[in-house]
Amino acid sequence: METRELRYFVAVAEELHFTRAAERLGMAQPPLSRAIRQLERRLGVTLFDRDRRGVTLTGAGRVLLDEARTILDATSAAARRTRRAATAPDRLTLATKAGTNHELLRTLLTAYAAEPGAAEIEVLLCGMGDQARMLRDGRADVALMQRPFDDLAGFDTEDLLTEQQVAILPARHPLAARTSLSMAEISDLPDLPLARWPRPDGSYEPGPGPEIHDQSQVAQLIALGHTMAVLCASSRSWLWSAHTAVPLTDAAYVSTVLAWPAHSRSRSVAGLVRTAAAL
């Protein structure tokens, strides 16, 4: 298979419409249809069910969609890392979402900078769940991620910090006066629904709470009394006076980890990992 064919297939699989996929690819629809039929013949499987109602993926098509995305990400990553090796060989790019424990990150960067031959580190702030995509497509060499919330498949990791979770409430809410809470006590409050965070695939669990896209959004909604959130204890560092953090007695602990592609052979990445392990 050629990467061109895989790009064609992914476009059709995501759009589930040949005309829209062709427009997205900047090509005519007939050659796109021929390319998909040729791919199906080569593989000996049917990738799409086609009828008058539209196009749907078969079971084989769903498998190829996952594999094709991985292959295309790896191809893009190889190109990006090759260019970066030529233009900035002594630089690492570290991805982290806004709101990550800044003291932990500062400690890591300071300790690594003191090592002989340390590479320059560029920190890229990203949205929730973007770190995995940035590692896979080569935009980042390493990332700060959280177990069990982030998608760590295909990455090696070094644990940096494990911490309790807290409930972030509007400061004027009656529960804000409590010294601790349980998940049962906050999971079904009619006046204060739980904020909903994106899953690794970008979708959201059903529920009455707002869909959260970034830290500033959730901070504003909590301050307005529209929602509450369950976050790591280190999130106290960015709370406003309109917020209160209450420890949760039975919430799962969260580990912040340094993650990197399992196939990485970068000496700079290895050096940063050694520093992280020493911390």
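The values are calculated or read from the model by the stated rules, or taken from the named source; none is laboratory data. Please read all numbers here as calculations on a predicted model, not as lab measurements. All Cβ positions, glycine included, derive from the backbone under ideal geometry; neighbour counts span all protein chains shown. The protein model used for the area step is the full one, side chains on, heavy atoms only, and it has no ligands, DNA or RNA in it. Shrake-Rupley method; radii C 1.70, N 1.55, O 1.52, S 1.80 Å.
Matching residues to (1) modelled with pLDDT of 95 or more; (2) out of contact with any Ser or Thr (no Cβ under 6 Å at 6 or more places or on another chain); (3) polar (S, T, N, Q):
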position: Asp137; (1), (2), (3): no, no, no
position: Thr157; (1), (2), (3): yes, yes, yes
position: Ser203; (1), (2), (3): no, yes, yes
position: Gln215; (1), (2), (3): no, yes, yes
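The listed residues are Val246, Val269, and the only one of them that is within 20 Å of Leu104 (Cβ to Cβ), of a type in the set (A, V, I, L, M) and either over 23 Å from the mean Cα position of the chain (by Cα) or open to solvent by less than 30 Å² (accessible area, probe 1.4 Å) (or both) turns out to be Val269. For the condition touching a residue at least 40 places away in the same chain (Cβ under 8 Å), farther than 22 Å from Ser216 by Cβ and among the acidic types (Asp, Glu), Asp159 qualifies. On the stretch given as segment 29-45, residues that are open to solvent by 50 Å² or more (accessible area, probe 1.4 Å) and either under 17 Å from His263 (Cα atoms) or of a type in the set (A, V, I, L, M) (or both) total 2. Has segment 46-61 got any residue that is assigned to a strand (DSSP E or B), touching a residue at least 24 places away in the same chain (Cβ under 8 Å), over 29 Å from the mean Cα position of the chain (by Cα) and surrounded by fewer than 13 Cβ atoms within 10 Å (Cβ to Cβ)? Within segment 46-61 (the criterion being assigned to a strand (DSSP E or B), touching a residue at least 24 places away in the same chain (Cβ under 8 Å), over 29 Å from the mean Cα position of the chain (by Cα) and surrounded by fewer than 13 Cβ atoms within 10 Å (Cβ to Cβ)), the answer is yes, since at least one residue qualifies.
The set of residues in segment 249-266 that are surrounded by 13 or more Cβ atoms within 10 Å (Cβ to Cβ), within 19 Å of the chain's Cα centre (by Cα) and among the aliphatic types (A, V, I, L, M) comprises Val254, Val257, Leu258, Ala259. Any residue in segment 187-210 that is closer than 30 Å to Glu120 by Cα, without any contact (Cβ under 8 Å) to a residue 40 or more places away in the chain and open to solvent by 20 Å² or more (accessible area, probe 1.4 Å)? Looking for residues that are closer than 30 Å to Glu120 by Cα, without any contact (Cβ under 8 Å) to a residue 40 or more places away in the chain and open to solvent by 20 Å² or more (accessible area, probe 1.4 Å), one finds none in segment 187-210, hence no.
Of the candidates Arg42, Arg37, the single residue that is free of Cβ contacts under 8 Å to residues at least 40 places away in the same chain and among the charged types (D, E, K, R) is Arg37. Restricting Ala118, Ala85, Ala95, Ala132 to residues that are assigned to a loop (DSSP other than H, G, I, E, B) and open to solvent by less than 80 Å² (accessible area, probe 1.4 Å) narrows the list to Ala118. For Glu23, the test of being closer than 20 Å to Ile71 by Cα and either part of a helix (DSSP H, G or I) or open to solvent by less than 60 Å² (accessible area, probe 1.4 Å) (or both) is failed.
Here Trp238 fulfils each of the conditions (1) surrounded by 13 or more Cβ atoms within 10 Å (Cβ to Cβ); (2) of a type in the set (Phe, Trp, Tyr); (3) out of contact with any Gly (no Cβ under 8 Å at 6 or more places or on another chain); (4) in contact (Cβ under 8 Å) with a residue 40 or more places away in the chain apart from (3). Inside segment 1-20, residues that are open to solvent by 60 Å² or more (accessible area, probe 1.4 Å) and among the aliphatic types (A, V, I, L, M) make up a count of 2.
Pairs are defined by a Cβ separation below 8 Å, a sequence spacing of at least 6 or placement on different chains, a first member in segment 64-93 that is farther than 18 Å from Val123 by Cβ, and a second member that is among the polar types (S, T, N, Q); the pairs so defined are Ile71/Thr3; Leu72/Thr3; Thr75/Thr3.
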